[in-house]
Amino acid sequence: MNVLKRKDFARWQASEKLSDTALCRAVQEMESGLIDADLGGNLYKKRVARPGAGKSGGYRTLLSARVGHRYVFLHGFPKSDKANITRDEKKALQYAGKVFLALSAKDLAKALQAGVLLEQKTVLDFFFIVYQNSPL
């Protein structure tokens, strides 16, 4: 399983001080079937909690996914900034997501090397985060 993010998304994430752990939780929820909105064309909206607050006043992330295989965080915004994306933004994100999901292993390696995409976490890191946050 690959969890990736666009370079622009990573820049936004850092400016909002949104942790990698929060994104991994979002992927974990999607793996469990908790998807906030399926926007079509493998584009999903996923709510992510603001640090120290809940999801209702938090962030909206848009990602392309083949659930269980590859997740690419494309765009994020605070819910307080706007309610939703425009039709044109949706089409552009669907197209970008389609391209990223279709990358072969060789082309994905090139995109990572060029810095177009960044790897979110390794599978082992992801499961470690899940383990740390699971009630025992």
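The values are calculated or read from the model by the stated rules, or taken from the named source; none is laboratory data. The shown structure was predicted, so the numbers you read here are calculated from the model rather than taken from an experiment. Because the Cβ atoms are built from the backbone with ideal geometry, glycine has one as well, and the counts that use them run over all protein chains shown.
When each of VAL27, VAL3 is tested for being over 19 Å from ASN84 (Cα atoms), modelled with pLDDT of 90 or more, hydrophobic (A, V, I, L, M, F, W, C) and in a strand (DSSP E or B), the lone residue that passes is VAL3. Scanning the stretch 12-30 for residues that are out of contact with any Phe, Trp or Tyr (no Cβ under 9 Å at 6 or more places or on another chain) and within 18 Å of SER64 (Cβ to Cβ) yields a single hit, GLU29. SER104 meets the conditions (1) among the polar types (S, T, N, Q); (2) touching a strand residue (DSSP E or B) at 6+ places or on another chain (Cβ under 7 Å); (3) surrounded by fewer than 16 Cβ atoms within 10 Å (Cβ to Cβ) in every case but one. The failed one is (2).
Report yes if some residue within the stretch 85-103 is in contact with a Pro (Cβ under 8 Å, 6 or more places away or on another chain) and either over 21 Å from ALA14 (Cβ atoms) or aromatic (Phe, Trp, Tyr) (or both); otherwise report no.
No, the conditions are met nowhere in the stretch 85-103.
If I filter the stretch 50-63 down to residues being surrounded by 17 or more Cβ atoms within 10 Å (Cβ to Cβ) and touching a Lys or Arg at 6+ places or on another chain (Cβ under 7 Å), which single residue comes out as farthest from ARG6 (Cα to Cα)?
Step by step, filter the stretch 50-63, then rank; the result is GLY58.
Here LYS46 meets each of (1) surrounded by fewer than 13 Cβ atoms within 10 Å (Cβ to Cβ); (2) free of Cβ contacts under 8 Å to residues at least 24 places away in the same chain; (3) closer than 29 Å to ASP107 by Cα with one exception, condition (1).
In the set (1) part of a loop (DSSP other than H, G, I, E, B); (2) within 15 Å of the chain's Cα centre (by Cα); (3) among the aliphatic types (A, V, I, L, M), the condition left unmet by ILE85 is number (2). Against the criterion of being surrounded by fewer than 18 Cβ atoms within 10 Å (Cβ to Cβ), under 15 Å from LEU117 (Cα atoms) and without any contact (Cβ under 8 Å) to a residue 60 or more places away in the chain, ALA96 does not qualify.
Is it the case that ASP38 is loosely packed, with under 13 Cβ neighbours inside 10 Å and assigned to a strand (DSSP E or B)? Answer is yes for this residue.
Of all the listed residues (LEU74, LEU93), the sole one being of a type in the set (A, V, I, L, M) and either outside any helix (DSSP H, G or I) or modelled with pLDDT under 95 (or both) is LEU74.
Taken over the stretch 82-93, the residue count meeting the criterion of being surrounded by fewer than 12 Cβ atoms within 10 Å (Cβ to Cβ) and either of a type in the set (Gly, Ala, Ser) or touching a strand residue (DSSP E or B) at 6+ places or on another chain (Cβ under 9 Å) (or both) is 2.
Scanning the stretch 7-43 for residues that are among the basic types (Lys, Arg) and without any contact (Cβ under 8 Å) to a residue 60 or more places away in the chain yields a total of 2.
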